[in-house]
1. Identify the residue in the stretch 127-145 that is farther than 16 Å from ARG99 by Cβ and aliphatic (A, V, I, L, M) and, among all such residues, is least open to solvent (accessible area, probe 1.4 Å).
2. Any chance the stretch 121-128 includes a residue that's out of contact with any Pro (no Cβ under 6 Å at 6 or more places or on another chain) and free of Cβ contacts under 8 Å to residues at least 60 places away in the same chain?
3. Given the conditions (1) in a loop (DSSP other than H, G, I, E, B); (2) of a type in the set (Gly, Ala, Ser); (3) under 25 Å from the mean Cα position of the chain (by Cα), report the number of the one that GLY150 does not fulfil.
4. Does any residue of the stretch 278-290 turn out to be outside any strand (DSSP E or B) and modelled with pLDDT under 90?
5. Just to be sure I understand, how many residues within the stretch 260-309 are within 30 Å of ARG236 (Cβ to Cβ) and touching a residue at least 12 places away in the same chain (Cβ under 8 Å)?
6. Restricting to the stretch 24-65, count the residues that are of a type in the set (Gly, Ala, Ser) and at pLDDT 50 or above.
7. Give me the residue from the stretch 298-322 that is open to solvent by less than 70 Å² (accessible area, probe 1.4 Å) and aliphatic (A, V, I, L, M) and, out of that set, farthest from LEU213 (Cα to Cα).
8. Against the conditions (1) open to solvent by 40 Å² or more (accessible area, probe 1.4 Å); (2) of a type in the set (Ser, Thr, Tyr); (3) under 20 Å from VAL55 (Cβ atoms); (4) part of a loop (DSSP other than H, G, I, E, B), where does THR177 fall short? Just the number, please.
Amino acid sequence: MSTSGGQGPAEGDERAPQTVPEGIPLLEAETPPPGADRRELLIITGMSGAGRTRVANTLEDMDWFVVDNLPPRMLEPLARMMTASGGGVQRLAAVVDVRSGEFFAELLSILDELRGHGLEYRILFLEADDAELVRRYEQVRRTHPLQGDGRILDGIAQERELLAELRRRADSIIDTTKFSPYDLARHIRQRVGEAGAQPVQITLVSFGFKHGLPLDADHVVDVRFLSNPYWVTELRHLSGKDEAVNRYVLDQPGAREFIDRYVDTLEPVIAGYERELKNNVTIAVGCTGGRHRSVAVSEAMGEELRDRGLQVRTLHRDVGRE
């Protein structure tokens, strides 16, 4: 027996019960769930000479928004720039240290204010032993910011005292005494959790030797061992991107074999660049004029590299140049 008066669905009716007035859409059906709040505020601080600049540069390469030598009072307005979605800043790193002079004394109270306003952050503290800090300052021939009329060691001792409470509050402490700049950058990538997040970007540039080598080339490939389409009347006005020229160049004996073997040779090189944090590599592929052979070979080489999972773009510097 069915019920009356709109008290519920009839027996056996599997439709969902009516929970809102008719004609008004369910909230869950119309409103997408909020995205995860991935905002991050990282405060980089620590001893002068311990590698703060290298850390900042590494994070910048990892697409963080980085501000160096920030007065502590600017932390809160800068942190409020971040947004949880859209195109706003979501990962902000601020280098705050004794270079800000008298303003630095405000840092601890401002950190308390940030937490009081619900703005979360992490503190990354960098340090090194006295001997290494002295060596680094003497190597670059700079004075310590707190040295004054004294020795470098005097400035280091005063800085350690000023930073003692901040060090106690730090979420992460990195001793860079035995790190080279590259070791530190690699360590930061691993610490932040994005090792390998910045793959090598390969740029293949075709060019003509008669117009000069590209100045930014890391590798130079000479494909003048292939017959030149320029001497074929029907092909002269075309470029290596045209199918007829492409076939003429790549169907020659040794062309495909050269490309395959060269790409095989590049694989351990690219892996080494990734380990050494070299993010951009330019390979210049040259022929006489930079219009036919170099264009066809660089395009084919780019396809082969992409098939192996690498990021590649091709540029043709001298096409259209007399």
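1. ALA128
2. Here is the first cut: in the stretch 121-128, the residues out of contact with any Pro (no Cβ under 6 Å at 6 or more places or on another chain) are 121-128.
Retained after the next criterion (residues that are free of Cβ contacts under 8 Å to residues at least 60 places away in the same chain): none.
Checked the stretch 121-128: no residue is out of contact with any Pro (no Cβ under 6 Å at 6 or more places or on another chain) and free of Cβ contacts under 8 Å to residues at least 60 places away in the same chain.
3. Among (1) in a loop (DSSP other than H, G, I, E, B); (2) of a type in the set (Gly, Ala, Ser); (3) under 25 Å from the mean Cα position of the chain (by Cα), the lone unmet condition for GLY150 is (3).
4. Looking for residues that are outside any strand (DSSP E or B) and modelled with pLDDT under 90, one finds at least one in the stretch 278-290, hence yes.
5. The total comes to 26.
6. Total satisfying the criteria: 6.
7. Taking the candidates together, the pick is LEU310.
8. Every listed condition holds for THR177 apart from (1).
The values are calculated or read from the model by the stated rules, or taken from the named source; none is laboratory data. For clarity, every value in this text was computed on a predicted model and none was experimentally measured. Cβ: placed from backbone, ideal geometry, glycine included. Neighbour counts: every protein chain shown. For accessibility, only protein heavy atoms count, side chains too; no ligands or nucleic acids. Shrake-Rupley method; radii C 1.70, N 1.55, O 1.52, S 1.80 Å.
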